[in-house]
Amino acid sequence: MRDAKKAVPLSDKIALSRPIMEGVSNLKAFQESETVLLYWSMDDEVYTHDFVNSWYKEKRILLPCVDGDNLVLRQYTGPESLQPGPQFGIPEPVGPVFDDLDKIDMIIVPGVAFDRHNNRMGRGRGFYDRLLKTTPHAKKIGVAFDFQIFDTIPVEPFDVPMDMVVSGK
């Protein structure tokens, strides 16, 4: 899967991401959400930069920040609020940690692969699975390119399934 994602040029991934993120914005649950946890995409993920920038003035947009083996959340307040994260260099917002997890209405989650049962395969460090267990009330939406969707993928007992997966289809 990593090779398949690398084989697609970034410009193509950005173009393929537009209908996926448009699908997310058309979800009733997204439209009704006030606080949304997103992610600042890496080059091999569904591209979210434009989406984050188009919504942060209308909704409270949170982005994850790596803190050791866990994710802490901070509010995105614009491009100037980002700085390279210390562990992976992924841009992360600065500012106070957002810890009122009950206020998160929706979580948009990247993954390496998903299946038709809404299972998600991450990168193997368990960052999202640990976080998702602390937000059982939030709607969990996986986003993926069509080639990341399989009939079934391996699932571990600690894996947290998505409520739905939005892809280009």
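Counting only residues that are in contact with a Leu (Cβ under 9 Å, 6 or more places away or on another chain) and either not in a strand (DSSP E or B) or not hydrophobic (A, V, I, L, M, F, W, C) (or both), the range 138-158 holds 5 of them. Within the range 127-169, the set of residues being among the small types (Gly, Ala, Ser) and closer than 20 Å to VAL36 by Cα comprises ALA138, GLY142, ALA144, SER167. One residue stands out among those in the range 74-85 that are farther than 13 Å from PRO64 by Cβ and either among the aromatic types (Phe, Trp, Tyr) or loosely packed, with under 11 Cβ neighbours inside 10 Å (or both): the one that is nearest to the chain's Cα centre (by Cα), which is PRO84. Within the range 60-71, if we keep just the residues that are assigned to a strand (DSSP E or B) and surrounded by fewer than 16 Cβ atoms within 10 Å (Cβ to Cβ), the residue that is modelled with the highest pLDDT turns out to be ASP67. One residue alone among LYS57, LYS13, LYS6 is assigned to a loop (DSSP other than H, G, I, E, B) and more than 13 Å from the chain's Cα centre (by Cα), and that residue is LYS57. TYR56 falls short on exactly one of the conditions (1) in contact (Cβ under 8 Å) with a residue 24 or more places away in the chain; (2) more than 23 Å from ASP129 (Cβ to Cβ), and that condition is (1).
Looking only at the range 16-54, residues that are of a type in the set (A, V, I, L, M), touching a strand residue (DSSP E or B) at 6+ places or on another chain (Cβ under 6 Å) and not in a helix (DSSP H, G or I) come to 4 in all. Of the residues making up the range 117-158, those that are farther than 18 Å from VAL46 by Cβ, touching a strand residue (DSSP E or B) at 6+ places or on another chain (Cβ under 7 Å) and of a type in the set (D, E, K, R) are ARG130, ASP151.
The values are calculated or read from the model by the stated rules, or taken from the named source; none is laboratory data. Worth saying up front: this structure is predicted, and the values here are computed from it rather than measured. Because the Cβ atoms are built from the backbone with ideal geometry, glycine has one as well, and the counts that use them run over all protein chains shown.
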